Amino acid sequence: MDERRTRAKPIPAADRRAAIIAATETLLIQHGTATTTRLIAEAAGVAEGTIFRHFRDKRELYRAVAENVFDPARAGQEIAEVVEGATDIEDRLRAVIDLLTTSARRGVLVMMAVRSTLFEEADPGGVRPRMGPPRFVTEGNNALVDNLARLVFEPYESELRLSPRKAALVLRSLTTGAWFPGLNRENQPLSSEDVIDVLLGGILTRETH
């Protein structure tokens, strides 16, 4: 009987990096700025030193997490998965609204947690960095609207009063804009039925001309 122990196959660097990013994202949502590299290492199942073999510093890690949260490919895949099999526009909306609300919460909490780290350094000239949203946030939001227009509204374009892209902008505003810590008394977004009612039926109880 061969009693030699077989050495475990090393995890590819890309997979290890992805695991660290995923663990960090979860911790930032749960603990915000109290997240430490020790917590990250424990959650990812690695030594603290391993983190810095894959990321130059904490700032680089946090940027990778934020970019992953707003990754257009990730958003497109998630939307495609939840609307698959939906039989009408109400079903598509119902499926995607919960996803958008969860994604908005995730994006806000991550950006609140990493913002000070990402923008803490001044440029070489001593000028504070531009305080507008990073490019990856803008690009991610534009791609989100494109995906919503294509995957949710274009199949029903002949039934819409607005273009699919404008309808997507309205949907994004009613979902991602409805959740922000401290701005809502119950800290709850609009329900999916509220959004569907407003989006498809408007807010007036009388006909207008």
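The values are calculated or read from the model by the stated rules, or taken from the named source; none is laboratory data. Source: prediction; values computed, not measured. Glycine gets a Cβ as well: all are built from the backbone with ideal geometry, and neighbour counts include every protein chain shown. What goes into the accessible areas is simple: the full protein's heavy atoms, side chains included, and nothing from ligands, DNA or RNA. Shrake-Rupley method; radii C 1.70, N 1.55, O 1.52, S 1.80 Å.
Out of the total accessible area of segment 1-104 (probe 1.4 Å, heavy atoms of protein only), what percent is carbon and sulfur? Intermediate results must be reported in sequence, preceding the final value.
Working: 3120 of 6320 Å².
So the carbon and sulfur contribution to the accessible surface is 49 percent.
So what is the relative contact order for segment 20-172, in percent, with contacts set as C-alpha pairs under 8 Å and at least six apart? If you can, show how the numbers build up before the last one.
Values: 127 pairs, mean separation 40.1, N = 153.
Relative contact order comes out at 26 percent.
Each label point was placed 7 Å from the Cα along the Cα-to-Cβ direction; for L162 and A14 their separation is 3.8 nm.
Rounded to the nearest Hz, the phi-derived 3J(HN,Hα) couplings of segment 15-31 under the Karplus curve 6.51 cos²θ - 1.76 cosθ + 1.60 (θ = phi - 60°) are 5, 5, 4, 4, 5, 5, 4, 5, 5, 5, 4, 4, 5, 5, 5, 7, 10, where x marks glycine and proline.
Probe of 1.4 angstrom, ligands and nucleic acids ignored: what's the accessible area per residue over segment 1-114, in square angstrom?
Working: 6670 Å² over 114 residues.
On a per-residue basis, 59 Å².
Taking 0.36 nm per intervening residue step and subtracting the Cα-Cα distance, what contour gain separates R135 from Q77 on full extension?
Working: separation 58, 0.36 × 58 = 20.88 nm, distance 2.09 nm.
Roughly 18.8 nm would be gained on extension.
Among the protein heavy atoms, those of L99 account for about 30 Å² of accessible surface (1.4 Å probe, every chain in place).
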